[in-house]
Amino acid sequence: MSDVRYPFTAIVGMSDLRLGLLLNAVSPAVGGVLVRGEKGTAKSTMVRALAGLLPSIAAVDGCRFACDPAAPDPQCPDGPHDAPTSHERPSQLVELPVGVAEDRIVGSLDLERALAEGVKAYEPGLLARAHRGVLYIDEVNLLQDHVVDLLLDAAAMGRSYVEREGVSVRHAARFLLVGTMNPEEGELRPQLLDRFGLTVEIAATRDPAERAEVVRRRLAYDADPSSFAARFAAEERELAEHITAARELLPKVELTDVALRQITAVCAAFEVDGLRADIVMARTAVALAAWAGRTEVLEEDVRKAAQLALPHRRRRNPFDAPGLDEEQLDRTLEEHAQPDDPEPEPEGEGDGPDGNDGPDDGPDGGGPDGGPDGGPDGGGAPEPSAPEDTGTAAPEEPAPQPVPAQHPSPARESAPVAAGDPYRTKLFTVQGTGHGAQGRRSPAETTGGHTVRARRPQGTLSRLHLTATLQAAAPHQVARGRAGRALVLHKDDFREQVRQGRESNLVLFVVDASGSMAARQRMTAVKGAVLSLLMDAYQRRDKIGMITFRGTGAELALPPTSSVEVGAARLETLPTGGRTPLAAGLLRAHEVLRVERLRDPNRRPLLVVVTDGRATGGRDALARSHRAAALFAAQGTASVVLDCESGPVRLGLARTLAGLLGGSAVSLDELRAEGVASLVRANRAATHTTSMRKAA
């Protein structure tokens, strides 16, 4: 692989990404960039190319933390730096691997030396290397949440903290943060999205000419990287000088009251949470003005800042796509384009010639004249019409409901129906203690959580259990010739903490899409239940997969992934109809879980079967499904059956299936968390009443 970076100016298109990166290069206080886009769109190439444009920095000689000789960090572990000598070096680009551990990011302490020798031996991590440079996180959505929290906290505070058994180390960590992600592989939580200053959505161009130019340039670079870079050297120098000039102009840019009012009005109009969006927009608008060579923020800067800083802050749940209503943005900017005037305008008549009808009606009769015009502009008229249309269409659909519920047609396929509104569901867990990735579902030994016991270190000692270490060393002090107050510690004395928290699991949905589920109201409720379980899986950091069965077989509708959005989209378009090959669905699930165990042995599965328990198609269909269920029971796979049977006469087939799986059965009504809570409260009240009666 060549050491020559692909030139930033040689990248074709992607103007928003280019601008977002350059604005952060001008003003790192903007808060970084999150790049969302499909695979193969040169996200990583552009980020790596940016590092070559950043100005070189002066660093203190011998300092592992790249302290600025003009203003060295007073808390630098390698300090204090009194009258330091310095050297010039390029800005660093530090790439964070997906599987990185917390100690590798913040650095690690040699606890053995700290206890035995009383010295604070600290090895800097990646945050120290990234100080005053670029920290690049590829596939940021695949990092564990606690790692992302740690990175974003350091980026926000500009400082890294290391706390280990009473030993504290802290150092400056100011860097340009850039993260890239493919939304198909899973989303970041809204709380983490909010911590990125800007977000840019990118996609590969569909213009054949542009695609051809991309390929042409890439082939030329691969053939001779040095010659290709030389072709763009002049443009690269010019762009680097532009960044330096904008940085120098940045402190002189004025954020006027009008621009600030437009910023806050836009954030309020789009109902973003908190005030971080307002601050980021203000910093971005100032950086835009500096990049344009101006000393005053204009409305065009505010508009562009909103387009970069607000879309990812509009999400309310994991199934919302980022976006921004451009018409609403323009209306809000226009309404607040003028400075506030607390006094009414007495010379309304003088402005009357601009309007032909009654100059006196402006101030005095503005309400009646403005009402009809303002209503449509504000969106008031169209909104009531949508519920009315929905209301008139709804009664037409339940009419055919009883027929498919009782007499499904094997050959007929029903059109997909919409899912019901999601709700908070009952918590399902995998029994026992796992060792999977940190999450929020099942008990597991994790890097976080509370300490439950001590053990001998497995690998490098990172979390010392002080009490257990002292207890292990105490009986041997006399034999080791202890003199004085200091303990004589050997390597075998050290014990590490074992912490118990919660892990994420693989939740595999097996959904019955046969004719017996085809009643519209019934399927709406079933889809709403599955959608609720998908949201629960998202909140608990699980991977999900989905298998559907209908007609003559089963289909892997969604291979195991972290993207619940894709699962929700597949669920929305799920058709129903045909026979019920329950055995095929279970066998396909068994095969999927077998493969996933090989890929990730530590991630424990949770099987969720959504069915009424019926099985049709072929001889002994029900018996074959029961034999397939016994396979999961033999392996001890945790399972839940969501019983979708309805009507006055119920066969109880779903609960029989749950027993064969070795799991539990839950009806649609029992799935709601509030329903479970109310049932518990009712039972407690009944028990209390009975006890009072007996006492009386």
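The values are calculated or read from the model by the stated rules, or taken from the named source; none is laboratory data. Computed from a prediction, not measured in an experiment: that's the story for all the values here. As a convention, Cβ positions derive from the backbone with ideal geometry for all residues, glycine included, and neighbour counts pool all protein chains shown. Each accessible area value is taken on the protein alone, full model and side chains, heavy atoms only, with ligands, DNA and RNA left out. Shrake-Rupley method; radii C 1.70, N 1.55, O 1.52, S 1.80 Å.
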Can you pull the Rg over Rh of region 534-675, Cα-only, Kirkwood? 0.94
So for R0 = 51 Å, FRET eff. of L556-S56 from the Cβ-Cβ r, to 0.05, ends up at 0.45
Reciprocal mean inverse distance between Cα atoms of region 184-252 - Kirkwood radius, Å: 16.3
Which residues qualify? For V610, with a placed amide H closer than 5 Å and at least 5 residues away or on another chain, they are V510, V511, D512, L642
Per residue and in Å³, how big is the convex hull formed by the alpha-carbon atoms of region 56-107? 84
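Using only the Cα atoms, what convex hull volume per residue in Å³ does region 563-625 have?
Normalising the Cα hull of region 563-625 by residue number yields 110 Å³.
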Between R331 and D207, what's the calculated FRET efficiency when r is the beta-carbon distance and R0 is 35 Å? Round to 0.05. 0.65
Over the Cα atoms of region 254-318, what is the Rg over Rh ratio if Rh follows Kirkwood? 0.99
Using a simple charge model, +1 on the beta-carbon of Lys and Arg, -1 on the beta-carbon of Asp and Glu, nothing else, what dipole does region 1-73 show about its Cα centre, in debye to the nearest 20? 340
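Pulled fully out, how much extra length does the chain show between E241 and T656, if you take 0.36 nm times their separation in residues and subtract their Cα-Cα distance?
Net length gain for the segment: 142.1 nm.
At a 1.4 Å probe radius, which order do R597, R104 fall into by accessible area, largest first?
R104, R597
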Using a 7 Å offset from Cα along Cα-Cβ at T451, what residues in region 462-482 end up with backbone N under 16 Å from the label point? 462-474
If one computes the Cα centroid of region 446-510 and of region 626-649, what distance in Å separates the two points? 42
Unsatisfied cross-links (Cα-Cα over 25 Å) in the set K43/K252; K304/K543; K39/K527; K252/K304; K43/K304: K43/K252; K304/K543; K39/K527
Name all residues of region 635-662 having a backbone nitrogen under 17 Å from the label point set 7 Å from the Cα of R597 along its Cα→Cβ direction, giving them as ranges. 635-640, 661-662
Pulled fully out, how much extra length does the chain show between M157 and V215, if you take 0.36 nm times their separation in residues and subtract their Cα-Cα distance? 16.8 nm
Quote to one decimal, in nm, the extra length available between R480 and D3 on full extension: 0.36 nm per residue of separation minus the C-alpha distance between them. 166.3 nm
Give me the Kirkwood hydrodynamic radius of region 513-605, using the inverse of the mean 1/r over all pairs of distinct Cα atoms, in Å to one decimal. 14.0
Taking Cα atoms only, Rg over Rh for region 129-191 with Rh from the Kirkwood formula is 1.02
From the convex hull of the Cα coordinates of region 490-544, what is the mean projected area in square nanometres? 5.7
